[in-house]
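This report concerns only the one structure given below.
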Amino acid sequence: MTMASRFALRGKSRDSYLELVRAFPLASIRSEERLEAAQEVLDGLLARAGTDEGVDMYLDALSDLVAVYEDEHHPISPASDADLLRHLLEAKGATQADLCRATGIAKSTASEVLNGKRPFSRSMIRKLASYFQVDPSILAANY
């Protein structure tokens, strides 16, 4: 069955897209072997210097197929508040003392969060989001 499309690739972009589809067809990933092969194709394409619209479109489609398989077969649990706070501190190059001075969060409260004994409160989420310049929803995932 042939379907009309609202977009069309032309010239070199069309050729590169079709070449990639012939080499590694875009189809649902149903095994670890197919996943590994898809990841190798993705890695190779991402390492290329300079791509065209056809390659970019193929990359998007193959990435979506990989994501669907991984979401179903390799789910990732959300990070704990302690892990998230440790990561944000490390990424910012800040210490617990820096955090407490800048946000007004008590040192004991920060320690309890970092030790997994206490979750973020709404007040902490607002202060941390401002300090780390992130969307509050990132910090509220476990709330």
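Values computed for the structure shown
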quantity: Most positive-pole-ward Cα, 80, 18, 50, against dipole of the chain from beta carbon charges; calculated: 80
quantity: The chain - charge dipole about Cα centre, Lys and Arg +1 at Cβ, Asp and Glu -1, debye rounded to 20; calculated: 820
quantity: Chain lengthening between residue 96 and residue 22 when straightened (0.36 nm per residue, less Cα-Cα); calculated: 21.3 nm
quantity: Normalised contact order of the chain, rounded percent, pairs of Cα under 8 Å and 6 or more residues apart; calculated: 20
quantity: Contact order relative to length of the stretch 11-73, as percent, for alpha carbon pairs under 8 angstrom and 6 or more apart; calculated: 52
quantity: MRE, 222 nm, helices only [DSSP H, n ≥ 4, -39500 (n - 2.57), over the chain, to nearest 500]; calculated: -20000 deg cm²/dmol
quantity: Relative contact order computed over the stretch 81-139 (Cα-Cα under 8 Å; 6+ residues apart), in percent; calculated: 38
quantity: Equivalent-ellipsoid semi-axes of the stretch 81-139, from the Cα gyration tensor, Å, largest first; calculated: 14, 13, 12
quantity: Dimensionless Rg ratio for the stretch 54-107, taking C-alpha atoms and the 2.2 N^0.38 Å reference; calculated: 1.86
quantity: Cα-based Rg and Dmax for the stretch 11-73, where Dmax is the largest Cα-Cα distance (Å); calculated: 11.6, 38
quantity: Cα-based Rg and Dmax for the chain, where Dmax is the largest Cα-Cα distance (Å); calculated: 22.4, 66
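Only the coordinates and a few stated rules stand behind these numbers; no lab work does. Everything numeric in this text was worked out from a predicted model, so none of it was measured. Because the Cβ atoms are built from the backbone with ideal geometry, glycine has one as well, and the counts that use them run over all protein chains shown.
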